[in-house]
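First comes the structure, then the notes that go with it.
The values are calculated or read from the model by the stated rules, or taken from the named source; none is laboratory data. Since the structure is predicted, the reported quantities are computational estimates derived from the model, not experimental observations. For neighbour counting, all protein chains shown are included, and Cβ atoms are generated from backbone atoms with ideal geometry for every residue, glycine included.
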Amino acid sequence: MELVLFLIIVPIIVGVALLFIPARLHTARKSVVAAATLVLSGVSIYLVTQYIGEDQQMFSFDAHVWDMVIVGIEMILAGFIIVLSIIKKQYLAAALMLVGAGLMCWFEFAWAGDIPVRNVLFVDNLSLIMSLIIGVIGCLIALFAVGYMKTYHEKHPDVKDRTGFFFFIIFAFMGAMYGVVFANSLVWLFFFWEITTLCSFFLIGYSRQKTAVKNAFRALKMNLLGGIGFAVAIILLAQNTGTIELDHISTLSSVALLPMGLLAFAGLTKAAQMPFSSWLLGAMVAPTPVSALLHSSAMVKAGVYLIIRLSPAFDAVEGGGIVGLCVALVGAVTFVLTSFMAISQKDAKRVLAYSTVANLGLIVVCAGMGNYLLAWAAVMLVIFHAVAKSLLFLSVGTVEHNLGDRSIESMDGLIRSMPKVAVGMAIGILGMFLAPFGMLISKWAALEGLVEANAFLTVFVAFGGAATLFFWSKWLGKIIMVKAVPEGFVPKVSNLEKVTLGVLAGSTVLVCLTFPLISQYFLEPFILGTYGEIYVLEPSNVGILLMMMGLMIVLPLSLLTYRKVGYREQYLAGANVDEKEKFRGSLGVTQSISVQSFYLDSIFGEKRLFNIGVIFAIALILIMLVFAALRAGVGA
Amino acid sequence: MSDYLWILFVVLYIVLAPFIGGMIAGIDRKITARMQGRYGPPLLQPFYDVLKLMQKENIVVNKHQKLYVLCSLIFIIVAGAIFFAGGDLLLSIFALALASIFLVIAAYSTYSPYAYLGAERELIQIMAYEPMVILTIVGMYIATGSFSVTDIGAYEGLLVLKLPAMFVGFVYILTIKIRKSPFDISMSHHAHQEIVRGLTTEFSGKELAYIEISHWYENVMLLGLVYLFFASNPILAVLVLVATYFLEILIDNVNSRLKWQSVLFSTWLVAFVLGIANIAVLGFLKYFL
Amino acid sequence: MSYLPKSPWLVHYDASSCNGCDIEVLACLTPLYDVERFGVLNIGNPKHADIFVVTGSVNEQNRSVIQNIYNQMAEPKVVVAVGACASSGGIFRECYNVQGGVDNVIPVDVYVSGCAARPEAIIDGVVQALGVLEQKYEESKKKGAETSHV
């Protein structure tokens, strides 16, 4: 238990230390972050060695004093946010914060005394996986950010340098994430949940520019709305069932349906599912490491984590199936529509954002249907997505600093101009959508599971998956295109960036190669413990996948064997000139080749699809809540 | 039946598929010529073409493109091998998708405007047919309870009776997969005024031969998928295969190329309507029978 | 054994022809003449083609185009000049902007006469080109490792 508390508290201490390191002391910051990286990932790994394969380990202690501290901190933060919102004339945000904090206050003084919370914290294999993701990937992102923020401030002189504050928030964020994945008491979970909301608010608004502030408040409002759902769920649970422990939910009767629905609603907001996807898209204004953190290891993962935790309850609680189905349908609609919308995006970070929302949608589909096979797929998706997406975000960040913008159109020929970063990016992209890489393994399991659970959902996966193929491939095509490097282009990639990208690319491949082991040691005990059934990959299929991986690694060696080939320029209808990649255009003017991808905006444009998704998703959420309320009423 | 029979099937596939695929292409060209009132090339013409390409000089825009084409060929063989070994149908289709993507990547890597246009169109084609392929396999699972080709093949009774809409939908997208008009928008033989040779513009010699051979491998595997619909009655199945291919040739000859919009809309509409209808009927049958 | 003569693919370029010869070239593909009997395809892409069929005379505008198309064809390759203009400049020979036949720019292997050349003559020219193609292949094989042929 000490280890768990250590993981929650140490990042915050590190953050405070970083807060007081002045912006100009770059080396000092680098060493502190590097040391923290070593310690946190080391402890996360040590934690794994301690608890792996065991059943859920509960930690109980008298948390009453802690609860008071927590409420105290919450009230202080809430007051601060309310004042800030009012100063910025964001009255809705202030009101939401007031309601959320008020509800918790009311709960703490009116109910908390009567509700015994035996097990405040716990560790199981899912928490271990999440803590590894937070510890290793989160810290790598922080490490990357040290170099990135230096360049960022050099390139954006108009943004006030608050690097110390930035790193304080980053590490507080990680501490809160550890809290989320280890908390069993819903009060604690809610506390850390709100902390992640506030941290993301500060990070998105870091540059204090107009759009940044606007988008930060949008994120805040949406997540606070989810937080209110969470708070109401806690109060309803306390009132109707007398327990507020996470592991008890699946043992409850149908009175728990409404709290479950509300918790799932909170999860949907945090996981940026439709209709709330816009906050994550807006979050793209933040510096790139922030996006990487929000997308891969923190924040949105907290959302899907909660829904995966609820997943057994959808199965076990009477009437939970319908609630789960509504949640799954929200995920399915999100998956399809955001995959479509990703096609129409030119901005690399927006493509990544839509793809994140889409993948989270798929995870939500899996978690919502609540059977063991789909739970396996969901957790696998979380792992693969975290690794590949952080790699992608960080490489986009590096490329952006060198090219000056992050449009996919300007990434032509990256394989020549920045070969190493391009290979990293290509690994990330391949990892996102193609067999034999990780994501596809989980999509495969998801398809298998969905056919069993509800065959109609496979229609969503089939269409969304096809769109996924399209937008990733056209991006991949852009970067692997072999094109002359523009004159005078010298890429500047710091060693820190190289190391982090290298480690992430390596771990993407490693995770794909070792996924049977991950499945065996991490997932199977969790799935068996939660569902009583186990999903084992067929050994022959695992063999085939590993063989395909092997081929992917071996085949590039054939590049070394080519010697006798004749080189010719591209066919340009016979109008080539002596210079490479140029042709004699009309009136004899020499022009360069330029190629542009299809974005199919008239079909898959945001304007066309976003509102449809919002309407469907809101309808589904309302149906879910109304059904849960009615059923819970009947049950009571 | 020995447990190792699958190895025999895989070896047979790897050795025979190019010959069968090439022969089909030869017959195809002959029939096409006759439909147009021509005499047509010799039956073995596709083999002559490929052998000739092997003897030509190897010219490239860059070395990378050779690698990607090789990957494409190898993964198509892997996909077919999984299929004919009786393995997991989904895995096989994923390997096939990987191979298709590699071909697209090969075209992208050349940085040639015509190849680029072909690659984009090919991606649209992939996006167009992928849902129907997945739904067909899902349908097969609902009907037979397994994704394994062995189990689906061993299903008693005609699978097509349970999956009539899926079959129609699959034949519809088969036109894309075997590169026939009206859906051959990415590398048509007849579109050189428009896109030169699209996807394959920058490939010549050996690489072009590889692309052709991988197309033969792919066709044989796809016909294997059509066979699965009738697996319980091999004679009928072969007859249907012949009829299906003849139908594709006929469609090829009576249609001109469509715009990519029409390709995408029509295939998605077919996949959506037929896919959902068939899944609904299957669910209905399961529920009430 | 060479398969080149069994599968000659051609790329057809209209230099500055009056379209007479072009129509006759295309006529070869029609059911009446059906050159696909010999495996001939009008492939439209120099990188795939074995035979370069040029109609019309060379002028300043298309000189570089002919050169480019020829360069982008893979070895072994042959050039067939179809019609009087492609062979020698024809009636436009003395024009201020015409430089004469195709052989001013690239080596021509077979000349097909006629204005416009008749389809039978064109087919005959292509079949003659096949012999040259075979011969060139044998030569390149003899040179072996020296050539860039892999």
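Taking the numbered list (1) in contact with a Phe, Trp or Tyr (Cβ under 8 Å, 6 or more places away or on another chain); (2) over 25 Å from A:GLY175 (Cβ atoms); (3) of a type outside the set (Lys, Arg); (4) assigned to a helix (DSSP H, G or I) in turn, A:PHE265 passes all entries but (1).
Does region A:485-499 contain at least one residue that is touching a Phe, Trp or Tyr at 6+ places or on another chain (Cβ under 8 Å) and either away from every other protein chain (no Cβ under 14 Å) or under 30 Å from B:PRO113 (Cβ atoms) (or both)? Yes: one or more hits. From the list A:ILE544, A:ILE479, A:ILE534, A:ILE518, the one residue that fits, being more than 14 Å from chain B (Cβ to nearest Cβ) and either at pLDDT 80 or above or assigned to a helix (DSSP H, G or I) (or both), is A:ILE518. Regarding region B:206-226, can at least one residue be identified that is outside any helix (DSSP H, G or I), more than 15 Å from the chain's Cα centre (by Cα) and either away from every other protein chain (no Cβ under 11 Å) or among the aromatic types (Phe, Trp, Tyr) (or both)? Among the residues of region B:206-226, not one is outside any helix (DSSP H, G or I), more than 15 Å from the chain's Cα centre (by Cα) and either away from every other protein chain (no Cβ under 11 Å) or among the aromatic types (Phe, Trp, Tyr) (or both), which makes the answer no.
Listed conditions (1) at pLDDT below 90; (2) in a helix (DSSP H, G or I) are all met by C:ALA84, apart from (1).
Taking region A:402-436 on its own, how many of its residues are part of a helix (DSSP H, G or I), crowded, with 21+ Cβ neighbours inside 10 Å and not hydrophobic (A, V, I, L, M, F, W, C)? Matching residues across region A:402-436 total 4. State whether one or more residues within region B:71-89 are under 13 Å from the mean Cα position of the chain (by Cα) and facing another protein chain (nearest Cβ under 10 Å). Within region B:71-89, one or more residues are under 13 Å from the mean Cα position of the chain (by Cα) and facing another protein chain (nearest Cβ under 10 Å).
Considering B:LYS30, B:LYS66, the condition of being among the basic types (Lys, Arg), in contact (Cβ under 8 Å) with a residue 12 or more places away in the chain and touching a strand residue (DSSP E or B) at 6+ places or on another chain (Cβ under 8 Å) is satisfied by B:LYS66 alone. With respect to being farther than 16 Å from A:VAL364 by Cα, part of a helix (DSSP H, G or I) and in contact (Cβ under 8 Å) with a residue 12 or more places away in the chain, A:GLY303 falls outside the description.
Scanning region B:124-166 for residues that are under 29 Å from B:TRP260 (Cα atoms) and touching a Gly at 6+ places or on another chain (Cβ under 9 Å) turns up B:GLU130, B:PRO131, B:MET132, B:ILE134, B:LEU135, B:THR136, B:VAL138, B:GLY139, B:LEU163, B:ALA165, B:MET166.
The set of residues in region A:338-376 that are under 24 Å from A:ASN454 (Cα atoms) and not in a helix (DSSP H, G or I) comprises A:GLY370, A:ASN371. A:CYS105 is checked against (1) part of a helix (DSSP H, G or I); (2) out of contact with any Gly (no Cβ under 6 Å at 6 or more places or on another chain); (3) modelled with pLDDT of 85 or more and fails just one. What number does that condition carry? Every condition holds for A:CYS105 apart from (3). Return the residues of region A:547-575 that are assigned to a helix (DSSP H, G or I) and either in contact with a strand residue (DSSP E or B) (Cβ under 6 Å, 6 or more places away or on another chain) or within 14 Å of chain C (Cβ to nearest Cβ) (or both); say none if nothing qualifies. Answer for region A:547-575, where residues must be assigned to a helix (DSSP H, G or I) and either in contact with a strand residue (DSSP E or B) (Cβ under 6 Å, 6 or more places away or on another chain) or within 14 Å of chain C (Cβ to nearest Cβ) (or both): A:SER558, A:THR561.
For (1) touching a residue at least 60 places away in the same chain (Cβ under 8 Å); (2) within 9 Å of chain B (Cβ to nearest Cβ); (3) closer than 26 Å to B:ARG38 by Cα; (4) under 13 Å from the mean Cα position of the chain (by Cα), each residue gets a yes or a no:
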| site | (1), (2), (3), (4) |
| --- | --- |
| C:ASN19 | no, no, yes, no |
| C:ILE23 | yes, no, yes, no |
| C:PHE38 | yes, yes, yes, no |
| C:ILE69 | no, no, no, yes |
| C:GLN72 | no, yes, no, no |
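Can you name every residue in region A:282-298 that is within 15 Å of A:LYS221 (Cα to Cα) and surrounded by 24 or more Cβ atoms within 10 Å (Cβ to Cβ)?
Within region A:282-298, just A:ALA283 meets the criteria.
In this structure, C:VAL127 qualifies as in contact (Cβ under 8 Å) with a residue 24 or more places away in the chain, surrounded by fewer than 20 Cβ atoms within 10 Å (Cβ to Cβ) and assigned to a helix (DSSP H, G or I).
B:VAL69 - would you say it is under 29 Å from B:TYR141 (Cα atoms), of a type in the set (Val, Ile, Thr) and crowded, with 21+ Cβ neighbours inside 10 Å? For B:VAL69, the condition - under 29 Å from B:TYR141 (Cα atoms), of a type in the set (Val, Ile, Thr) and crowded, with 21+ Cβ neighbours inside 10 Å - is not met. For residues that are buried (at least 17 other Cβ atoms within 10 Å of the Cβ) and of a type in the set (D, E, K, R), scanning just region A:490-525, find the one that is nearest to the chain's Cα centre (by Cα). Here the answer is A:GLU497. Among the conditions (1) part of a helix (DSSP H, G or I); (2) without any contact (Cβ under 8 Å) to a residue 60 or more places away in the chain, A:ARG24 misses just one, which is (1).
Of all residues in region B:90-120 being within 7 Å of another protein chain (Cβ to nearest Cβ), within 20 Å of A:ILE415 (Cα to Cα) and of a type in the set (Gly, Ala, Ser), which is farthest from the chain's Cα centre (by Cα)? That would be B:SER112.
If you filter region A:588-618 down to residues that are farther than 26 Å from B:PHE265 by Cβ and free of Cβ contacts under 8 Å to residues at least 12 places away in the same chain, you find that the one that is surrounded by the most Cβ atoms within 10 Å (Cβ to Cβ) is A:GLN591.
What about C:ASN59, is it more than 7 Å from every other protein chain (Cβ to nearest Cβ), closer than 15 Å to C:ILE106 by Cβ and at pLDDT below 90? Here the answer is yes, as C:ASN59 does meet what is asked.
Pairing each residue of region A:437-456 that is at the interface with chain B (Cβ under 7 Å from one of its Cβ atoms) and part of a loop (DSSP other than H, G, I, E, B) with any residue that is buried (at least 24 other Cβ atoms within 10 Å of the Cβ) and at pLDDT 85 or above, provided the two are 6+ apart or on different chains, yields C-beta distances under 8 Å for A:ALA455/B:VAL138. When you scan region A:457-468, do you find a residue that is surrounded by fewer than 21 Cβ atoms within 10 Å (Cβ to Cβ), at pLDDT 80 or above and either out of contact with any strand residue (DSSP E or B) (no Cβ under 7 Å at 6 or more places or on another chain) or within 30 Å of A:VAL146 (Cα to Cα) (or both), even just one? No, region A:457-468 contains no residue that is surrounded by fewer than 21 Cβ atoms within 10 Å (Cβ to Cβ), at pLDDT 80 or above and either out of contact with any strand residue (DSSP E or B) (no Cβ under 7 Å at 6 or more places or on another chain) or within 30 Å of A:VAL146 (Cα to Cα) (or both). For A:SER592, the conditions (1) within 13 Å of chain C (Cβ to nearest Cβ); (2) touching a Lys or Arg at 6+ places or on another chain (Cβ under 6 Å) are fulfilled apart from (1). Any residue that is at pLDDT below 85, surrounded by 24 or more Cβ atoms within 10 Å (Cβ to Cβ) and either farther than 26 Å from A:LEU143 by Cβ or over 25 Å from the mean Cα position of the chain (by Cα) (or both) - is there at least one of those in region A:238-255? Scanning region A:238-255 turns up at least one residue that is at pLDDT below 85, surrounded by 24 or more Cβ atoms within 10 Å (Cβ to Cβ) and either farther than 26 Å from A:LEU143 by Cβ or over 25 Å from the mean Cα position of the chain (by Cα) (or both). Restricting attention to region B:36-63 and to residues that are part of a helix (DSSP H, G or I) and facing chain C (nearest Cβ under 7 Å), the residue that is modelled with the lowest pLDDT turns out to be B:GLN55.
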